[in-house]
1. Pairs, please: C-beta under 6 Å, at least 6 apart or cross-chain, first residue farther than 17 Å from E64 by Cβ and in the stretch 85-101, second open to solvent by 90 Å² or more (accessible area, probe 1.4 Å) and in a strand (DSSP E or B)?
2. Considering only the stretch 79-113, how many residues are in contact with a Pro (Cβ under 8 Å, 6 or more places away or on another chain) and either on the phi > 0 side of the Ramachandran plot or open to solvent by 20 Å² or more (accessible area, probe 1.4 Å) (or both)?
3. Only residues in the stretch 102-120 that are among the acidic types (D, E) count as the first member; pair them with residues that are open to solvent by 20 Å² or more (accessible area, probe 1.4 Å) and assigned to a loop (DSSP other than H, G, I, E, B), Cβ under 8 angstrom, at least 6 apart or cross-chain, and list the lot.
4. Can you give me the number of residues within the stretch 30-46 that are more than 12 Å from V113 (Cα to Cα), modelled with pLDDT of 95 or more, open to solvent by 40 Å² or more (accessible area, probe 1.4 Å) and part of a strand (DSSP E or B)?
5. Which number in (1) surrounded by 13 or more Cβ atoms within 10 Å (Cβ to Cβ); (2) at pLDDT 80 or above; (3) under 20 Å from S82 (Cα atoms) marks the one condition that M27 misses?
6. Tell me which strands (runs of 3 or more DSSP E) are completely within the stretch 47-119 and hold 2 or more residues being within 19 Å of V26 (Cα to Cα), or say none if there are none.
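The values are calculated or read from the model by the stated rules, or taken from the named source; none is laboratory data. As the structure is a computational prediction, the values presented were derived from the model and not from experiment. Note: ideal-geometry Cβ built from the backbone for every residue, glycine included; neighbour counts use all protein chains shown. Just so you know, the surface numbers come from the protein's heavy atoms only, side chains and all, with ligands and any DNA or RNA stripped out. Shrake-Rupley method; radii C 1.70, N 1.55, O 1.52, S 1.80 Å.
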Amino acid sequence: MHSYKLFLDKPFTRAGSNLNMDVTLVMFKANGGRRGFPLKKPRTVIGRTNTCDLRIPLISVSREHCEIIVDDDHVVVRDLDSSNGTHLNQNVVDEATIEPGDQLAVGPVVFTVVIDGHPDQAEPVRSIVGAGPERNDNHQTGA
């Protein structure tokens, strides 16, 4: 199994945010640990380049793979013409409303979506990395 790191490249705080809900993407590591990525902006871009808000430096993830929009009382995921598609609950989606507990897959990385603390217990979902080494084609990381 290969190791990889996700990067939340643009730190931000709740102060100054006009979001009406707390949205966190929760990823479970192979060792059983979990890591949360809070979304604090109305629009969060996920992809493998340094310009993305949440960076997944794997070649199976498109440069700008998808975006998550937090707007008033709902959360939407929109695919940004990614090569391998964006999956919500194991279905390929172009655009879809996200509900608490949904599973969002970007490349081999699977997140459980927590909205306003729900679900209160996120079930572990294992992210899968392919057999070969995967790296950002533009930048090497300390993965």
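1. P100/H118
2. 2
3. Note: pairs meeting the criteria are D102/N89; D116/D22; D116/P100.
4. Residues that pass the stated criteria total 1.
5. Only one criterion is unmet by M27, namely (3).
6. It comes to 66-71, 74-79, 86-88, 95-98, 103-106, 109-115.
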